[in-house]
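Below: the structure, in structure tokens.
The values are calculated or read from the model by the stated rules, or taken from the named source; none is laboratory data. Because the structure is predicted, anything quoted here is derived from the model rather than measured. Virtual Cβ from ideal backbone geometry, glycine too; neighbours counted across all protein chains shown. For the accessible areas, the whole protein counts, side chains as well, though only heavy atoms, and no ligand, DNA or RNA atoms are used. Shrake-Rupley method; radii C 1.70, N 1.55, O 1.52, S 1.80 Å.
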Amino acid sequence: MKKHSHIVVFTLAALMTSTGVAHAAPQSTCDAEAAKAISLYTSALGDITTMPNGVHITNSGHGSSFHAAPSAELVDHQSVFYGLTDRGPNVDGDLTGKEVKVEPVVDFQPNITKFVLRNGVMEPRETIGLKRNGKPINGQLNGQADTGETIVDITGRKLAPSDNGLDPEGLVAAKDGSFFVSDEYGPFIVHFDADGNEIDRLNPYEGTLPAELRFRTANKGMEGLTLSPDGKTLYGVMQSALTTPDIKGKSKNVPFVRIVAIDTASMKVTGQYLYMLHSSQAHTTVSEISALGNHTLLVDERDGKAGSDTFKRLYRIDLAQATNLLDLANAYDPDKGGVLIDGKSLEGYVSHTDGAKANEQVAAETLRAAGISPAQGRLYLDVTKLVWGADPSGNTFSHDKVEGVAVTKGGQHLTLANDSDFGLEGSSHTGTQFELRQKEYQGRPETGEALDIDMTAVPQQYRGDGYIAPEVNTTDAGTEVEVTLGGLQPDTGYELLAGRKKLVSVDADARGDATAAVDRAELTAAGSTLTLALGNQVVGSWSVQPAATPSPSMSPSSPAASPTATASGSSPITSPTSNTRATPAATPTGVPSAIVTPEPSSHKEATPAGSTTGHAHGTDDDSSTSSGSQIVMSSPSRGLALPATGN
């Protein structure tokens, strides 16, 4: 079969820069391109209650984890998400010289709330209270898992541990409508049905999770949870190192955390890995883990501060390049902390090594010398630099606790959420009860927000080499079009579609490359639009034009015209971005190049009021169009102005 021509390679990031979700109307002091890449949404929920001293306990703590709502249909732009609360409103307190946790709303029921992001607002659609044995889950300590904490109510009365006590932190919304939730107390991983009823749980005290996880540091248990795109593996991450019996000092001085892998078919633990924190740069912990591919993950590593010089970063890791602790022949003792090196737990071994405390480089070298390769992150996105670059006034998502990270479009879009702490930050004891202090953000009680980020439009200076944009190279081969793809997540399955019709499944290899042949007639019948999808998410779409018929005047030795791919309103794209691997194949001489152009963005251009409208992917309100709020630098009220128009 005669091949007519190679078609130019282009990257999704390069093509979508001019057609991405452009939402901001920045002043000259900000990075205009950074502002165009983000959309801000604010919680529409009000207060839970107002205390006698006027402190508002806001119903906004749904950013402990954020997860895209599964859809049976192909989704172009995700606007429906589930947000998870933790155990509920709580603050640190001092009761006659003893540190306590104060829970002012003792009947708070941790919940999952469904939101639609639209017109700058997180619109609540459904709240699912979590239950066990028909009774509400509560935020009290769990009787099976002693954290050493003492929890009291607003009067200082001690709250007894409860079998229904749970501190939710990680969330997965499964395709069957059920939910998986990880918590900090046990740590436990709990499976809930669509109505919030507990189905089952994994437990380090009963052998269904590694027993050494019971040495979790108080209030730093299993902070994040995610599901691989193929649905076969759950990954849970601890917030900090374990406080093993032999640790020297505190767990914060050990610069790694543990990740566990669980097979969803058997619900058995199949892996345990280490991730290196960037402790030499800041005192950080992990707040979320989100799957990009079947073994590539995004890790949300952050400090606990607010400001332009803080550490809020997303790192890409590949567990295929890390040691699975379950494969080691080392001695293992769960009562000492699991896998042992020279009789010491991993935390103990590192904490007793000179120079390894709070220095990830020395710690990693120490572990590798003992036969353990930890997962080390490659920067995907510096969130602090992005939001402060987009808005130097600090009025846009400059929160201290960025804890929710929803991955959509195969990692080409991210939606972040903050943990607002329900608007509380501390307390004082008056002698008869605790008085709460308001946590403020931009001069008002802290509330929940979501930030949508179009990674394809984020300027390069905020991304790292962990971010890789998909690349497509097509070759016209008569009745078929041969497609070569690069920049995919390794060992992960995708689909190629003609418009919305599935053409073929493609499996990326260990490098993230894949090839496929699609039927030219089917592609033409769909308007010559080639779409790449991961699960129910559109990663990107491209318009593939048929190869031109060679001119009679051109001989095989005549030079070919240069291939060109042009984004709407942009200059021709001449090379892929610097952080990608694949390169275009040479165009055969004497054959004019066919042209690949990007499918026009499903997002409309911004209106004069600053709003943009997303692609509708359903027929009800939960799948409505989405438009973020305009960023107005001079506005004294959080810098936000709702769009004047929008769906």
- Looking at the stretch 38-51, is at least one residue closer than 30 Å to Pro392 by Cα, touching a Lys or Arg at 6+ places or on another chain (Cβ under 9 Å) and open to solvent by 10 Å² or more (accessible area, probe 1.4 Å)? yes
- Item | Residue match in the stretch 206-214 (condition: assigned to a strand (DSSP E or B), in contact with a Leu (Cβ under 6 Å, 6 or more places away or on another chain) and aliphatic (A, V, I, L, M)) | no
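Yes/no per residue for (1) at pLDDT 95 or above; (2) assigned to a strand (DSSP E or B); (3) of a type outside the set (Val, Ile, Thr); (4) surrounded by fewer than 20 Cβ atoms within 10 Å (Cβ to Cβ):
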{"position": "Ile289", "(1), (2), (3), (4)": "yes, yes, no, no"}
{"position": "Asn294", "(1), (2), (3), (4)": "yes, no, yes, no"}
{"position": "Leu298", "(1), (2), (3), (4)": "yes, yes, yes, no"}
{"position": "Gly307", "(1), (2), (3), (4)": "no, no, yes, yes"}
{"position": "Arg313", "(1), (2), (3), (4)": "yes, yes, yes, no"}
{"position": "Arg316", "(1), (2), (3), (4)": "yes, yes, yes, no"}
{"position": "Ala320", "(1), (2), (3), (4)": "yes, no, yes, yes"}
{"position": "Leu326", "(1), (2), (3), (4)": "yes, no, yes, yes"}
{"position": "Asn330", "(1), (2), (3), (4)": "yes, no, yes, yes"}
- Filter pass, Phe256 being of a type outside the set (S, T, N, Q) and open to solvent by 10 Å² or more (accessible area, probe 1.4 Å): no
- Task: Kindly list the number of the only condition in (1) modelled with pLDDT under 50; (2) more than 19 Å from Asp452 (Cβ to Cβ); (3) open to solvent by 50 Å² or more (accessible area, probe 1.4 Å) that fails for Ile7.
- Result: (3)
- Checked pairs for the stretch 350-365, first over 15 Å from Leu277 (Cβ atoms) and in contact (Cβ under 8 Å) with a residue 12 or more places away in the chain, second part of a helix (DSSP H, G or I) and open to solvent by 40 Å² or more (accessible area, probe 1.4 Å), C-beta under 8 Å and 6 or more apart or across chains, list as Thr353/Val362
- For strands (runs of 3 or more DSSP E) lying entirely in the stretch 436-491, having 1 or more residues that are open to solvent by less than 10 Å² (accessible area, probe 1.4 Å), at pLDDT 95 or above and of a type in the set (A, V, I, L, M, F, W, C) picks out 449-454, 480-486
- Note on Ser393: of the conditions (1) part of a strand (DSSP E or B); (2) surrounded by fewer than 24 Cβ atoms within 10 Å (Cβ to Cβ), unmet is (1)
- Residue that is most open to solvent (accessible area, probe 1.4 Å) [pool: residues in the stretch 87-103 that are of a type outside the set (A, V, I, L, M) and in a strand (DSSP E or B)]: Glu99
- Message: Please go through (1) touching a helix residue (DSSP H, G or I) at 6+ places or on another chain (Cβ under 8 Å); (2) over 30 Å from Tyr494 (Cβ atoms) for Tyr332 and return the number of the only condition it doesn't satisfy.
- Response: (1)
- Message: Suppose the filter is without any contact (Cβ under 8 Å) to a residue 60 or more places away in the chain, on the phi < 0 side of the Ramachandran plot and either surrounded by 22 or more Cβ atoms within 10 Å (Cβ to Cβ) or charged (D, E, K, R) (or both); does Arg368 pass it?
- Response: yes
- Message: I'd like the full set of residues that are under 20 Å from Leu298 (Cβ atoms) and β-branched (Val, Ile, Thr), limited to the stretch 452-491.
- Response: Ile453, Thr456, Val458, Ile468
- Task: From Val190, Val181, Val116, Val172, grab the single residue that is open to solvent by less than 50 Å² (accessible area, probe 1.4 Å), assigned to a strand (DSSP E or B) and touching a helix residue (DSSP H, G or I) at 6+ places or on another chain (Cβ under 9 Å).
- Result: Val116
- Per the filter on the stretch 492-513, residues of a type in the set (Gly, Ala, Ser) and open to solvent by 10 Å² or more (accessible area, probe 1.4 Å) are Gly493, Gly499, Ser505, Ala510
